[in-house]
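Worksheet: one structure, shown below.
The values are calculated or read from the model by the stated rules, or taken from the named source; none is laboratory data. Only a predicted model underlies this, so the values are computations on that prediction, with no experimental measurement involved. Cβ atoms come from the backbone with ideal geometry, glycine included; neighbour counts cover every protein chain shown. Remember, those area values only see protein heavy atoms, side chains included, never the ligands or the DNA or RNA. Shrake-Rupley method; radii C 1.70, N 1.55, O 1.52, S 1.80 Å.
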Amino acid sequence: MSFESNGEIACCGGKLLKLSHKSNEIGSHMDVNIYLPKQYYNGDGNPIPVIYFLSGLTCTPQNASEKAFWQIQADNYGFSIVFPDTSPRGDEIPDDKDQSYDFGLGAGFYVDATEKPFADHYRMFSYIHEELPHALDKFFNRDAKKLEFVHNTGITGHSMGGYGALTGFLKYYGKDRYVSCSAFAPIVNPSQVPWGQKAFTGYLGHDKELWKQHDPSYIIKNVDNTTGSEILIHQGSSDPFLEKQLRPDLLLEAVKGTSWENKIKVNVVDGFDHSYYFVSSFVPQHAAFHAKNLGLI
Ligand SMILES: N[C@@H](CCC(=O)N[C@@H](CS)C(=O)NCC(=O)O)C(=O)O
């Protein structure tokens with residue numbers, strides 16, 4: 001599978017590549033940005049590990065590329081960062097009936113939909129965790145292994161994307177995929193909050209037992225933390241979505257008495273909101289956390 005270039009932008013010591021490709025899972029074209037750090041161009045040739053950044057509601061690959069400042073950190077430690085889109089796109093793609101921001105376009109929720117009319121295109125779980133990494137691997141590593149897209153990778157995200165990162169990390173735990181997970185203001189218990197309930201009803205239907213298979217606060221209870229993994233979370237205390245939608249306390253409650261107790265580090269940071277001013281302020285800490293887990297420091 002091949003990628004088309006929509007532009008290459010010199011940034012920090014490397015380049016941001018804006019790509020698009022035809023996705024079989026999604027059944028349409030998907031945009032994705034990737035930052036290749038300076039080590040890609042002048043490094044020692046060792047494969048460069050990749051961190052996936054999953055964005056939140058309303059975002060395209062551009063938001064985090066432009067406002068999270070991951071690129072400086074990628075050069076500091078020698079990792080690459082992939083910014084996927086948040087949903088299928090295009091005139092033929094079904095959207096929220098009221099075109100609201102929290103469902104449909106820009107709000108794929110990183111699940112494989114089972115409900116009509118969404119099931120044909122909204123296959124974001126399989127896209128993010130299977131099709132995209134393997135497609136990138138084939139494309140970039142044709143001649144030599146330059147980037148590590150599939151094994152020994154990191155995953156992180158913001159809000160809905162934090163939910164996607166937690167779910168992917170836990171579902172693939174122990175399967176030699178993600179060795180590092182963090183999140184910025186994640187939705188941790190979607191079955192219990194309005195954004196998640198709307199998305200799960202629309203994409204997965206009304207079966208609440210099925211919802212649990214897609215909810216990190218339930219999934220984590222059945223995943224044994226065999227290697228002492230820690231998950232790093234930052235949450236702004238002035239985030240307008242904290243009390244109704246995000247609720248990091250529900251994840252901490254869920255892991256009580258499990259192998260994850262005390263392994264989820266929730267840092268509530270005073271005065272920060274939900275925006276990229278918040279995200280970019282804590283990207284340096286998340287970058288150091290992932291760099292350590294990826295063996296870069
Ligand atoms: N009130 C916002 C809710 C959506 C929102 O805050 N989205 C966050 C992620 S959940 C975001 O990253 N927005 C885009 C940006 O800040 O660049 C809206 O209606 O757009």
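Can you pull the percent of the range 140-297's accessible area that's carbon plus sulfur, 1.4 Å probe, other chains left in place?
49 percent
In whole Hz and in residue order, list the ³J(HN,Hα) couplings for the range 139-151 that follow from phi through the Karplus curve 6.51 cos²θ - 1.76 cosθ + 1.60, θ = phi - 60°; x for Gly and Pro.
6, 7, 10, 3, 9, 7, 6, 9, 9, 9, 8, 10, 9
Given springs between every Cα pair under 10 Å in a Gaussian network model of the chain, which of 226, 258, 86 has the largest fluctuation?
Fluctuation is largest for 226.
What ³J(HN,Hα) values, in whole Hz, does the Karplus curve 6.51 cos²θ - 1.76 cosθ + 1.60 give for the range 91-101 when θ = phi - 60°, with x put for Gly and Pro?
4, 7, 8, x, 10, 4, 4, 9, 6, 7, 6
So between residue 210 and residue 46, what do we pick up on full extension, going 0.36 nm a residue minus the alpha carbon distance?
Length gained, residue 210 through residue 46: 54.9 nm.
Label points 7 Å out from Cα along the Cβ direction at residue 244 and residue 288: separation in nm?
3.6 nm
Which value in deg cm²/dmol, rounded to the nearest 500, describes the helix-derived mean residue ellipticity at 222 nm for the chain, given -39,500 (n - 2.57) per DSSP H run of n ≥ 4 and division by the residue count?
It comes out at -8000 deg cm²/dmol, rounded to the nearest 500.
In a GNM of the chain with a 10 Å cut-off on Cα contacts, which of 46, 76, 152 has the highest mean-square fluctuation?
46
Note down the net charge around residue 55, summing +1 for each Lys or Arg and -1 for each Asp or Glu among other residues with Cβ under 13 Å from its Cβ.
-2
Rounded to the nearest 0.05, what FRET efficiency do residue 91 and residue 62 have when you use their Cβ-Cβ distance and R0 = 22 Å?
About 0.65, to the nearest 0.05.
Using 0.36 nm per residue, how much length does the chain from residue 141 to residue 172 gain when fully extended, once their Cα-Cα distance is taken away?
8.9 nm
Quote the FRET efficiency, to the nearest 0.05, computed for residue 265 versus residue 222 with a Förster distance R0 of 35 Å and r equal to the Cβ-Cβ distance.
After rounding to 0.05, the efficiency reads 0.95.
Over the chain, calculate the relative contact order: mean separation of alpha carbon pairs under 8 Å at least 6 apart, over the residue count, as a percent.
Across the chain, relative contact order equals 17 percent.
Which residue, 117, 216, 248, has the most motion in a Gaussian network model of the chain that connects Cα atoms within less than 10 Å?
117
From the phi angles alone, apply the Karplus equation (6.51, -1.76, 1.60; θ = phi - 60°) to the range 31-40 and give each ³J(HN,Hα) in whole Hz, x where the residue is Gly or Pro.
My calculation for the range 31-40 gives 8, 8, 9, 9, 9, 9, x, 4, 5, 5 Hz in order.
For the chain, what is the accessible area per residue in Å², given a 1.4 Å probe and the full set of protein chains?
I get 41 Å² per residue for the chain.
Using alpha carbons only, how many angstrom separate the centre of the range 111-166 from the centre of the range 207-282?
Cα centroid of the range 111-166 versus Cα centroid of the range 207-282: 21 Å apart.
Using only the Cα atoms of the chain, what do you get for the radius of gyration and for Dmax, in Å?
Calculated on Cα positions, Rg and Dmax stand at 17.9, 52 Å.
Of all the accessible heavy-atom surface of the range 70-134, with the other protein chains kept in place and a 1.4 Å probe, what percent is carbon and sulfur?
Roughly 47 percent, rounded to a whole number.
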